[in-house]
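Notes for the one structure printed next.
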């Protein structure tokens with residue numbers, strides 16, 4: 001086991017380049033995507049996993065009517081019992097245990113990382129006490145690579161031991177686990193297969209990173225990748241079938257986006273009550289740049305819910321301060337998924 005983990009760590013040290021992605025691609029980003037429908041008032045002190053009726057007496061129907069009235073947002077599928085959104089806001093830590101450069105999840109030891117996540121949860125609770133919070137750990141389980149590998153797919157799948165370790169961390173705080181895919185020269189369908197059993201668990205959800213989906217067969221990280229709605233719909237169909245067959249609560253699917261070209265035909269992304277799609281603005285930079293990108297790429301091409309990423313390191317370059325929850329909540333629609341990297 002130790003040798004296996006050492007090999008993964010060595011591969012990451014040599015070939016991992018997600019941080020380069022953030023430094024190179026986002027430096028040229030002129031706008032940021034928006035994500036998420038305005039959350040309705042919810043006075044429940046407990047995290048609600050989507051009951052049809054809130055303890056405060058606020059129904060899902062009234063929440064959805066408020067979304068449409070307040071935001072003139074896109075048409076939304078029915079919200080099923082057990083759905084996480086829109087009743088809750090997800091606060092996630094992102095990264096990979098084998099790399100300190102890919103995000104906060106691998107940058108800090110477990111106890112320190114969990115303590116930091118709990119601190120952020122308190123900050124969000126203070127900023128919006130009416131919206132229950134659900135913690136999450138968002139782990140990159142398939143990472144794009146600069147070298148082709150034996151199968152020439154330009155991606156590396158993580159060990160399930162590492163992924164289960166992250167899931168156990170999330171379980172310890174009653175949180176969710178997100179499995180993130182950077183598919184390289186592979187396909188969404190092919191990269192879902194190794195994680196089928198994990199995605200069959202109620203608390204495990206999915207993320208897709210179009211930046212590293214190389215339809216052009218270029219080396220990941222050399223040009224911007226792209227996913228079409230057809231690629232994303234493969235994941236939606238996969239998750240929908242699983243939810244129906246196993247009688248699971250709806251799954252959440254995170255799509256990262258900070259450029260228009262990263263997602264083509266967004267209007268054709270399938271809408272189903274069994275999969276809640278979040279378009280996550282994951283560009284870094286100054287507040288004005290991030291907000292502009294959110295409006296340009298997320299708000300203008302609505303799908304369902306919206307998300308917003310905050311970078312502890314890249315967002316605070318040149319003396320800038322990390323955006324506060326109150327600042328993020330000035331966005332419209334208000335992000336219902338917030339990720340820290």
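Please treat every number below as a calculation from the coordinates, not as lab data. Only a predicted model underlies this, so the values are computations on that prediction, with no experimental measurement involved. Neighbour counts run over all protein chains shown; Cβ positions are idealised from the backbone, glycine included.
The mean sequence distance of close C-alpha pairs (under 8 Å, at least 6 residues apart), as a share of the length of the stretch 219-341, puts its relative contact order at 22 percent. Here the stretch 139-191 and the stretch 321-337 have alpha carbon centers that stand 28 Å from each other.
Convex hull volume of the C-alpha atoms in the stretch 277-341, normalised per residue: 68 Å³. As a size descriptor, the averaged projected area of the C-alpha convex hull of the stretch 212-253 was calculated at 3.6 nm². If you take the alpha carbon atoms of the stretch 171-299 and fit the smallest convex hull around them, that volume is 125 Å³ per residue.
A full extension of the chain between residue 193 and residue 237 corresponds to an added length of 14.5 nm, given 0.36 nm per residue minus the alpha carbon distance. Compactness of the stretch 86-207 is given as radius of gyration and Dmax, 15.3, 51 Å, from Cα positions.
Ranked highest first by the average count of other Cβ atoms within 10 Å around their residues, in what order do 287-294, 189-196 fall?
287-294, 189-196
Shown for 143, 74, 216, 272: other C-beta atoms within 10 Å of each C-beta, ranked fewest to most, produce the order 216, 74, 272, 143.
When each of the peptides 166-177, 327-338, 109-120 is scored by how many other beta carbons lie within 10 Å of its residues on average, the order from highest to lowest is 327-338, 166-177, 109-120. Look at 178, 308, 238 and count the other Cβ atoms within 10 Å of each Cβ; fewest to most, that gives 238, 178, 308.
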